[in-house]
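These notes are about the structure you will find just below.
What follows is calculated from the coordinates using simple rules that are stated; it is not laboratory data. What you are looking at is a predicted structure, and each value in this text was computed from that prediction instead of being measured. Reconstructed Cβ throughout: ideal geometry from the backbone, glycine too, with neighbour counts over all protein chains shown.
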Amino acid sequence: MREFWKEPLTEAQKQELIDALAQQVVKRGLSSPTILFLELHKPLAFIGSQAGIVFSPFLAPFFGFDKVDLYTQLLSERENWERLVERIEELEEERRAQVSGE
């Protein structure tokens, strides 16, 4: 059986995961609802990550065990939620600047 959170994430891994997730959110035009969701549920960060582990048998076939492991570990820390919100806001500002500049 595979183990969750066997090794802690490095800062580089955290930044890479946050950036990838933020890019997908902005690409799909979901910046505002995502930021609202993250801000409202920040106090439940650890509980949400544990729910991800509980539901991993259902999530792993769609996303893969490694992705579920990485993202549940990333989202278990409240400060990573804040970093994700900041990155989404940065990317959204860049997108708006490109649209208004064209």
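Is at least one residue of the stretch 20-33 under 17 Å from GLN73 (Cβ atoms) and among the β-branched types (Val, Ile, Thr)?
no
Go through (1) out of contact with any Lys or Arg (no Cβ under 6 Å at 6 or more places or on another chain); (2) surrounded by 15 or more Cβ atoms within 10 Å (Cβ to Cβ) for ARG28 and report which single condition fails.
Answer for ARG28: the failing condition is (2).
Which one is farthest from GLU89 (Cα to Cα) among residues in the stretch 44-73 that are loosely packed, with under 14 Cβ neighbours inside 10 Å and over 15 Å from the mean Cα position of the chain (by Cα)?
The qualifying residue farthest from GLU89 (Cα to Cα) is PRO57.
Can you tell me which residue is nearest to the chain's Cα centre (by Cα) among those in the stretch 7-43 that are touching a residue at least 40 places away in the same chain (Cβ under 8 Å) and part of a loop (DSSP other than H, G, I, E, B)?
LEU9
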